[in-house]
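Okay, so here's the structure we're looking at.
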Amino acid sequence: MKESANTQSLQQASVKQYCRALRVPVIGANFTRVAEQAVKEQHSHVGYLEALLAMENEERDRHAIETRIRDAKLPRVKTLEEFDFNRAPRVAAGQVRELADGGYIQRAEPVVLIGECGTGKTHLATGLSVAACRQKRRVRFTTAANLVNELVDAQQHNAVRRVLARWLRFDVIVLDEVGYVPLAEIGAEFLFQVIADRAERATLIITTNLPFSEWTQVFPNPRLCKALLDRVTDRAHIIETGTESYRFKRTMEGRAKKKSS
């Protein structure tokens, strides 16, 4: 009996060593527990192996999603499940949930979120980003101003082509705060280049506080502005989030509750 126990201990140590070498840590950490459960529930050897492989695969998927979300450089991780559609009555929950399924990414269709500050544009864009990461898509979040600054800096180092090529590799780009800061002509041209490169090839999500009729305030060249709008709106899913800030409304409701308590 002692010899059998020693043999079993050596075998377990050997299995753990193999698991480390093969980089399957979940199997290494759970094979004895799952084996005991398999014996108790009279599972087959194949069923036991399937359970272990499923655990390893699930953990790898979870880790891959976490990595993609981290690499997306989201300002804050917010999901669509956390979005309060009751506070944003102009936003159609069904349309957003349909987008979350990811068909628009396969079809390379743009998404444009239009509304005033505090109406949920960035939350929705972030939530769609998280949903895309869960579908193993490469996502990158940036503001329009930061993207333009990166390209202007790249121009000074003769690296514009390399930077544009890097941005084109993402399945989804979120351009936040388009319209918050007027752009110089060179900045507008760079932004147009990024958008034009992705037209019908890859997905772009844009948030803006300006209706399309006022985009000339940001893009001073009328011809460039028209061409940019043509590409942004072509086959686009346009979601208007409204004008009333629910963040401000939530703050005021909180203050009112404090005063009444």
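So which residues in the stretch 1-41 are modelled with pLDDT under 90, open to solvent by less than 50 Å² (accessible area, probe 1.4 Å) and not in a helix (DSSP H, G or I)? Matches in the stretch 1-41: none.
If you go through the stretch 42-56 one residue at a time, how many are under 30 Å from the mean Cα position of the chain (by Cα) and loosely packed, with under 12 Cβ neighbours inside 10 Å? The number of residues fulfilling the criteria is 1.
For (1) modelled with pLDDT of 90 or more; (2) under 24 Å from K136 (Cβ atoms), each residue gets a yes or a no:
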residue: W167; (1), (2): yes, yes
residue: D171; (1), (2): yes, yes
residue: L175; (1), (2): yes, yes
residue: T203; (1), (2): yes, yes
residue: F212; (1), (2): yes, no
residue: T216; (1), (2): no, no
residue: S245; (1), (2): no, no
residue: G254; (1), (2): no, no
residue: K257; (1), (2): no, no
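The single residue among L113, L168, L164 that is of a type in the set (A, V, I, L, M, F, W, C), within 14 Å of I206 (Cβ to Cβ) and in contact (Cβ under 8 Å) with a residue 12 or more places away in the chain turns out to be L113. In the stretch 177-194, the residues that are open to solvent by 70 Å² or more (accessible area, probe 1.4 Å) form Cβ pairs under 7 Å with partners that are part of a loop (DSSP other than H, G, I, E, B) and of a type outside the set (D, E, K, R), at six or more places apart or across chains, as follows: Y180/N209; P182/V218; E185/P220; E185/N221. Within the stretch 89-99, identify whether any single residue is at pLDDT 95 or above and open to solvent by less than 20 Å² (accessible area, probe 1.4 Å), and answer yes or no. The answer is yes; a qualifying residue exists. Considering only residues in the stretch 60-74 that are open to solvent by less than 90 Å² (accessible area, probe 1.4 Å) and part of a loop (DSSP other than H, G, I, E, B), the one that is farthest from R140 (Cα to Cα) turns out to be L74.
Of all residue pairs spaced 6 or more apart or on separate chains, those with beta-carbon atoms under 6 Å, a first member in the stretch 123-136 that is closer than 12 Å to E82 by Cα and part of a helix (DSSP H, G or I) and a second member that is open to solvent by 20 Å² or more (accessible area, probe 1.4 Å) and hydrophobic (A, V, I, L, M, F, W, C) are T126/L74; G127/L80.
The values are calculated or read from the model by the stated rules, or taken from the named source; none is laboratory data. Source: prediction; values computed, not measured. Cβ atoms come from the backbone with ideal geometry, glycine included; neighbour counts cover every protein chain shown. Side chains are part of the model used for accessible areas, which takes the heavy atoms of the whole protein and leaves out ligands, DNA and RNA. Shrake-Rupley method; radii C 1.70, N 1.55, O 1.52, S 1.80 Å.
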